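*Asks:* Below: one structure in C-alpha cells.
FYI, it's all coordinate maths here, none of it is from the lab. Because the structure is predicted, anything quoted here is derived from the model rather than measured. All Cβ positions, glycine included, derive from the backbone under ideal geometry; neighbour counts span all protein chains shown.
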Amino acid sequence: MAGKRAGRDGFGQAMVELGEENEKVVALCADLAESVKVHYFAEKYPERYFQIGIAEQDMIGTAAGLALSRYIPFATTYAVFAAQRANEQIRLAVCYNRSNVKIAVSHAGLTTGEDGATHQALEDIASMRAMPNMTVLVPADASEAYEATRAAAAYEGPVYLRLGRTPVPELTNGVGQFEIGKARKMNNGKDVTLIACGIMVERAIEARDILKEKGIEAEVINMHTIKPIDEEAVVESVKKTGCVVTAEEHSVIGGLGGVVSEVLSEHSPVPLMRIGTQDTFGESGPPEELLTKYGLTAEKIAEAAQNVIRKKKNTAMSTN
Amino acid sequence: MQSVEYLEKVTKRIKRDIIQLCSANTGHPGGALGTAEIFAELYFSRLRHTPEQPDWEGRDRFILSNGHICLALYSSLARSGYFDVEELATFRKINSRLQGHPSREDLPGVETASGPLGQGLSIANGVAMAQKLSNSDVNVYCLVGDGELQEGQIWEAMMTSAHHKLDNLALIINWNNIQIDGKVNDVMNIEPIDEKFKAFGWNVISIDGHNLQEIKHAFDQFEKNEGSPTVIISKTVLGNGISYMEHEAVWHGKAPSEEEALLALNEIGICGFADDLVLK
C-alpha cells in the first residue's frame, strides 16, 4: 500500500496549485494555518492570505465580502469553529447571499482524537446540509480531497469541504474523475449496499472483504457529496441489493445516514442501518481506539450488513 | 457633489417615503428616519455608482449592517434609479423583492443581506480588502446601529479593519441611544464609543448626524485619511422630525396609523419632488 496521507494534505497541495493558476483564489485562516495545511498557500502567496486571528465569525463575514468582490475565498479552521461557532454567519453572509465562499475544515469527527469532545464535530454535516444553497463535500482520502478542492474552486456558490485529520491509504487515486454530486462506486456487489463518506470509506471496503469471506457480495459507494445527494446512485444500487448500511464519522442524526434514509423512504424503502455516533459526544483518546469504542469499524459495518440482509429475507418471506 | 440645499430636499423625500411605505405595511421607521441625511449624502452626492449597471466593478460600496432600517435604503435605491419607484409599494408584501430585511439575491443595489446584527462590518472588511488587493480606488461605507455594538462580532471586525489598515473603509454609527428594550446605555452600556475606537486604532470623527454640512465634512476627512479605517459617530434622534416619535423606543419597529402618518407627513413638509420622481 502506498504511503498514507490525510485529506487535509490533499487540500494543502490543491491550494498551492490553485494559487498559481487563478489569482482570484484567496485564503483566510483563524490561527490554525498549519493544522489546516493552508500554510503552504500562505507562504507562497502572502498578499492573498488573510490571517483573521481567533475570530471565526469575523472570518466568515470577511470571506463573504471578498467573494462579493469576485474573489474565491477559502475560509479555513476546524469543523466545530466554522459550522457551529459561525453557523449564523454562514447562513446569512454565505448561503442567503449565495456568496462564492468555500469553507474548508479539518479536525472533523472522532479522529480529532486526544483533544476530546469539544473539538470533535459530529453534528456539522447535519447543520451545513440543512442550509439552502450549500454544497457539502466529504472526501475519502488525500487524492479525493485534492480533487474536491479543485472542484469547489471551479464551482460557483457556497461549499462546505470537510477534511480528515488522520492519514488514510489511497483509495480513489486513478479510480475516476471527481464530480460534485456524482457518487463514486468503488465496486459492484449484489447482496447489500454499503454507502460511506470520509474516512469510513476505507472501513466500508474492509467490511466488504470481511463479507466476501462469508460469501456475501457487498457494493461499496463512496458518497463524497452529501449535498446535492446522488439519488440515482442510491436508488439504482438498492434496486439490485435490496438493503443498505451507511457509515460516517458523524452522528447518525442528519448526516449521510439521514440523507440516505430520506431518499430511500421516499423512493425505494428497504432495510437500512446507520453506522455513526449514536446521539452522543466523543471523548479524548487515540483515533483508532475512539473509532472502535464508538462502533465506527469495519466489523460493525459487516455485522450491520448481515443484519439488513436478514431483514430483507424476512420481509421477502412474510410477503410471499 | 450636490449642495446642502438640494440634499435637504432629498432628505425630506426619503423621510416621506419611509412614512408612506411603513404606514401602508409594517416596518421600522425610527432608525430609518434618523439616518435620512446620511442616505441623502451617500446615494445622491457621495457614492460613485451606476444604478443602470448595479454590478459595475468600479462602484463605491454601501453595506447596510442594521438591515431593519432598510426603508431608508429602499427609498434611496428607488429614487436613484435601481428599480421603479412604484415597486416601493410592494415592501414586505408576498412575492416582493423588497423583503422585510434586505435580500441581495432579490434586489439590485443591495450589496449584502442583513438583519441579524453585527455582521456588516466583517463583510465590509472583506470588500475593502478585495479593493486593496485589486489596487482599486473604490471606497466602502458601512452603516451600523448603536445597539449593534453589543454584538461581539463587531469588536472582532474592528480589530480586523485596523490590523489590515483598511483606510478605504468608513463605518458610520447611527448613535440614537435607543434600542428595543430602552436606552442603549441602560440596556448595555456601549460608551465611551469614541475612546474605544481610538484604542482600537481607528480614525474617529464625531458629528451631528442631522447636519448635512457636518456629514459632508466627515466624509471629506475620511477620503483624506491614510493608514487606518475611519469611524463616523453620528449622533441622531430616533424618529427625527416627527414630534410624537422622537426618542421613543416604541417607534423602533412600529408602523404609524393612517392618521399618524398624515401628521408625520405634515411635520416633514413638502420636499419639492413628485411622488414618482427619480432623482438623478
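*Asks:* Strictly greater than 30 Å: what percent of every Cα pair in chain A meets that? Spell out each step's value before the answer.
*Replies:* On the way: 15268 of 51040 pairs.
Everything past 30 Å amounts to 30 percent.
*Asks:* Pull up the DSSP beta bridges for chain A and report the antiparallel fraction as a percent, rounded to 5.
*Replies:* Details: 6 of 41 bridges.
Among the beta bridges of chain A, antiparallel pairing accounts for roughly 15 percent.
*Asks:* OK, next. Over 22 Å between Cα atoms, which of A:K240/A:K293; A:K24/A:K44; A:K212/A:K313; A:K44/A:K182; B:K9/B:K183 qualify? Mind showing how you got there, number by number?
*Replies:* Details: A:K240/A:K293 33 Å; A:K24/A:K44 14 Å; A:K212/A:K313 18 Å; A:K44/A:K182 33 Å; B:K9/B:K183 30 Å.
In this structure, A:K240/A:K293; A:K44/A:K182; B:K9/B:K183 lie more than 22 Å apart at Cα.
*Asks:* When DSSP assigns beta bridges and you keep just the ones with both residues in the protein assembly as shown, what percent turn out antiparallel, to the nearest 5?
*Replies:* Values: 8 of 65 bridges.
Taking every DSSP beta bridge with both residues in the protein assembly as shown, the antiparallel ones total about 10 percent.
*Asks:* Continuing with this model, one more query. Looking at chain B, which longest stretch skips every one of the chymotrypsin sites (Phe, Trp or Tyr not before Pro) that is in a DSSP loop with at most 13 other Cβ atoms within 10 Å, leaving the sites themselves out?
*Replies:* Numbers: sites that count: B:W56, B:Y244.
The reported range is B:57-243.
*Asks:* Please compute the Kirkwood hydrodynamic radius over the stretch A:184-319, one decimal place, Å, based on all pairs of different Cα atoms.
*Replies:* Working: mean 1/r = 0.0680 Å⁻¹.
Its Kirkwood hydrodynamic radius stands at 14.7 Å.
*Asks:* Looking at chain A, which longest stretch skips every one of the GluC sites (Glu not before Pro) that is in a DSSP loop with at most 16 other Cβ atoms within 10 Å, leaving the sites themselves out? Could you put the intermediate results ahead of the total?
*Replies:* Values: sites that count: A:E23, A:E156, A:E179, A:E217, A:E283.
The reported range is A:24-155.
*Asks:* May I ask you to list the trypsin sites (Lys or Arg not before Pro) in the stretch B:82-129 that are in a DSSP loop and have at most 14 other Cβ atoms within 10 Å of their Cβ? Each step should come with its number before you reach the end.
*Replies:* Details: sites: B:R92, B:K93, B:R97, B:R104; in loops: B:R92, B:K93, B:R97, B:R104.
Qualifying residues, ordered by number: B:K93.
*Asks:* Just the Kirkwood number for the stretch A:31-158, please: inverse of mean 1/r across all distinct Cα pairs, in Å, one decimal. Walk me through the numbers before you get to the answer.
*Replies:* Numbers: mean 1/r = 0.0675 Å⁻¹.
Its Kirkwood hydrodynamic radius stands at 14.8 Å.
*Asks:* Of chain B, which part is the longest with no GluC sites (Glu not before Pro) in a loop (DSSP not H, G, I, E, B) and with at most 14 other C-beta atoms within 10 angstrom? If you can, show how the numbers build up before the last one.
*Replies:* Details: sites that count: B:E52, B:E57, B:E105, B:E226, B:E248.
By the stated rule (loop sites, at most 14 other Cβ atoms within 10 Å), B:106-225.
*Asks:* At R0 = 41 Å, how high is the FRET efficiency between B:L277 and A:I253 if r is their beta carbon distance? Nearest 0.05 is fine. Write out the running numbers ahead of the final one.
*Replies:* Details: r = 56 Å, r/R0 = 1.37.
Efficiency computed from Cβ-Cβ geometry: 0.15.
*Asks:* Per Stokes-Einstein, at 25 °C and 0.890 mPa s, what whole-number D in µm² s⁻¹ belongs to the stretch B:4-268, with the Kirkwood radius over Cα pairs as the hydrodynamic radius? Show your work: numbers first, answer last.
*Replies:* Working: Rh = 18.3 Å.
Value of D from the Cα-based Kirkwood radius: 134 µm²/s.
*Asks:* At 7 Å along the Cα-to-beta-carbon direction for both B:E87 and B:E5, put a label point, then send me their distance in nm to one decimal.
*Replies:* 3.4 nm
*Asks:* Also: Per q in 0.07, 0.09, 0.10, 0.11 1/Å, what log10 I(q)/I(0) does a Debye calculation on the alpha-carbon atoms of the protein assembly as shown return?
*Replies:* -0.50, -0.74, -0.86, -0.97
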